[in-house]
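Everything below concerns the one structure shown next.
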Amino acid sequence: MLLPGATLGVLGGGQLGRMFCVAARTMGYRIVVLDPDPRSPAGRIADQHIQADYTDPAALKTMADSCDAITTEFENVPADSLRYLASFRPVHPSADNVEIAQNRVREKNFAQSAGLQAAPFHPINSTDDLPVAAETVGFPGILKTSTLGYDGKGQAVVENLQQLQQAYEQMQGVACVLEKKLPLKQEISVLLARNEDGEIDCYPPAENEHRNGILHQSIVPARVSPAIIKQAQQKAIDLAHQMDYTGVLAVEFFITEDKQLVFNEMAPRPHNSGHYTKDAAVTSQFEQQVRVMCGLKPGDCRLISPVVMINLLGDLWHPDWSQLFNEPNIKLHLYGKDEARPGRKMGHYNVLSEKLDDAIQTAAKVFQKLSK
């Protein structure tokens, strides 16, 4: 076990790294951040900011020498860098786990091997694969880049083979996957924490709404049946055990019109849809990240209040914050980013209420005022 006073390292200095730093420092740990951005949100509040690329050998060695354990805030950090660090210090999640989540085809194959159901899909590595993918998956479909896609980037809905060919050309021939576009009723995500001993705890699923491919709001508890909740949590747990995973893991599911639970993707880290845990759960997802990488038991995942989380993007900067602070049951979290851009996540707020419907109404009302 690593106890307060130890030094923890995190690769990545964005908002997830920043909130990890806050949780870790509150718990008494020192923090080292590796991020190339001199103004990274996490680097600003860390004990040490190593400003370098994630593949820089000297920077990685400095981090290994400085830290007792290391984690990452995003899945696109080079897996080889994690393997190098793991030769010196404990690294959670492992490079193998992160590598699974870095590639959509690898991710879906692994999920299916763990007993989760994925939408029909077919990998595309060249134009020769397009007709076969179209025949195998059918239309409508969603063409996605196999790597580096997030927040709706690297995706295109296609209705026929011609549109598929055009979309693939626009993606410049990079490795892709064609997925069947299913008739969806809802989207939910399950967040869990698992330590090296296999001890695991699971948060209540969040019901998610996306706008323009970016998460807009998460509603907890999700307005789905108890059977779906139980099934989703168990499938996420099965996946974590199959991966021998250590860390915080988010698993996204679709719920189809005929009430089938379909795996979408996983994130080997704290997740945007888990930001509600900062105020409405006994243990936040960022405290969990600290606990499990340090060999401690996962914290209590119980929900202490119905909650709605709303993302604040650069599209509405600079808002009238008084509209938000007029509501006594709202908690604001800003990420310390200098530049606001459309689609960039600048912060979020959580609305807590005894009744879920009241939280939903207040969240929508305040967001409308901030958007004016």
Exercise for review: Under 7 Å between Cβ atoms, at least 6 apart or on separate chains: pull out the pairs that start in the range 251-280 with a residue that is within 25 Å of Y349 (Cβ to Cβ) and in contact (Cβ under 8 Å) with a residue 60 or more places away in the chain and end on any residue that is hydrophobic (A, V, I, L, M, F, W, C) and part of a loop (DSSP other than H, G, I, E, B).
Suggested key: R269/F74; A280/I304
Study note, to complete from the structure: Those strands (runs of 3 or more DSSP E) completely within the range 163-218 that have 2 or more residues that are of a type in the set (G, A, S) and either in contact (Cβ under 8 Å) with a residue 60 or more places away in the chain or farther than 28 Å from T246 by Cβ (or both) are 184-194
Practice item. Mind telling me which of the residues A134, A111 ends up being at pLDDT 95 or above, out of contact with any Lys or Arg (no Cβ under 6 Å at 6 or more places or on another chain) and closer than 22 Å to V158 by Cα? Key: A134
Revision key, fill the gap. Considering the range 204-231, residues that are of a type in the set (D, E, K, R) and within 17 Å of L303 (Cα to Cα), and then whichever is surrounded by the most Cβ atoms within 10 Å (Cβ to Cβ), we arrive at E207
Review point. Scanning for something aliphatic (A, V, I, L, M), touching an Asp or Glu at 6+ places or on another chain (Cβ under 9 Å) and modelled with pLDDT under 95, does the range 184-207 turn up at least one residue?
Key: yes
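Are any residues in the range 268-283 in a loop (DSSP other than H, G, I, E, B) and not charged (D, E, K, R), and if so, which ones?
Just the residues of the range 268-283 that are in a loop (DSSP other than H, G, I, E, B), to begin with: 268-271, 275-276, 282-283.
Residues satisfying the conditions are P268, P270, H271, H275, Y276, V282, T283.
Matching residues to (1) of a type outside the set (F, W, Y); (2) touching a Pro at 6+ places or on another chain (Cβ under 9 Å); (3) buried (at least 19 other Cβ atoms within 10 Å of the Cβ); (4) part of a strand (DSSP E or B):
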site	(1), (2), (3), (4)
D258	yes, yes, no, no
M266	yes, no, yes, yes
P298	yes, no, yes, no
C301	yes, yes, yes, no
M309	yes, no, yes, yes
Y349	no, no, yes, yes
F367	no, no, yes, no
Review point. For the range 232-251, does any single residue satisfy the condition of being part of a loop (DSSP other than H, G, I, E, B) and in contact with a helix residue (DSSP H, G or I) (Cβ under 7 Å, 6 or more places away or on another chain)?
Key: yes
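Out of the strands (runs of 3 or more DSSP E) lying entirely within the range 1-118, which hold 3 or more residues that are crowded, with 17+ Cβ neighbours inside 10 Å?
On the way: elements: 7-11, 30-34, 48-50, 69-72.
Once the strands (runs of 3 or more DSSP E) in the range 1-118 are filtered for at least 3 residues that are crowded, with 17+ Cβ neighbours inside 10 Å, what remains is 7-11, 30-34, 69-72.
Being at pLDDT 95 or above and either closer than 22 Å to H92 by Cα or in contact with a Cys (Cβ under 9 Å, 6 or more places away or on another chain) (or both) is the requirement here; does L239 meet it?
Working: at pLDDT 95 or above: yes; either closer than 22 Å to H92 by Cα or in contact with a Cys (Cβ under 9 Å, 6 or more places away or on another chain) (or both): yes.
Considered against the rule, which asks whether it is at pLDDT 95 or above and either closer than 22 Å to H92 by Cα or in contact with a Cys (Cβ under 9 Å, 6 or more places away or on another chain) (or both), L239 comes out as yes.
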Revision key, fill the gap. Expected single match for closer than 28 Å to P93 by Cα and in contact with a Cys (Cβ under 6 Å, 6 or more places away or on another chain) among L148, L192 is L192
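Would it be correct to say that K181 is out of contact with any strand residue (DSSP E or B) (no Cβ under 8 Å at 6 or more places or on another chain) and of a type in the set (D, E, K, R)? Spell out the reasoning first.
Numbers: out of contact with any strand residue (DSSP E or B) (no Cβ under 8 Å at 6 or more places or on another chain): no; of a type in the set (D, E, K, R): yes.
So K181 fails the test.
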Point to revise | Verdict on Q323 being modelled with pLDDT of 95 or more and outside any loop (DSSP other than H, G, I, E, B) | key: no
Point to revise | Boolean, V22 is touching a residue at least 60 places away in the same chain (Cβ under 8 Å) and not small (G, A, S) | key: yes
Point to revise | Residues of the range 219-250 satisfying the condition of being of a type in the set (A, V, I, L, M), touching a residue at least 12 places away in the same chain (Cβ under 8 Å) and over 20 Å from Q289 (Cα atoms) | key: I219, V220, A222, V224, I228, I229, A232
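So, S305, is that one at pLDDT 95 or above, hydroxyl-bearing (S, T, Y) and part of a loop (DSSP other than H, G, I, E, B) or not? Walk me through how you get there before you give the answer.
Values: at pLDDT 95 or above: yes; hydroxyl-bearing (S, T, Y): yes; part of a loop (DSSP other than H, G, I, E, B): yes.
Yes, satisfied.
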Study note, to complete from the structure: Output for Cβ contacts, cut-off 6 Å, separation at least six or different chains, first residue closer than 17 Å to V307 by Cα in the range 321-332, second part of a loop (DSSP other than H, G, I, E, B), reads N329/S353
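The values are calculated or read from the model by the stated rules, or taken from the named source; none is laboratory data. In this text, all values refer to a predicted model and were calculated from it rather than measured experimentally. Note that each Cβ is placed from the backbone with ideal geometry, even for glycine, and that neighbours are counted across all protein chains shown.
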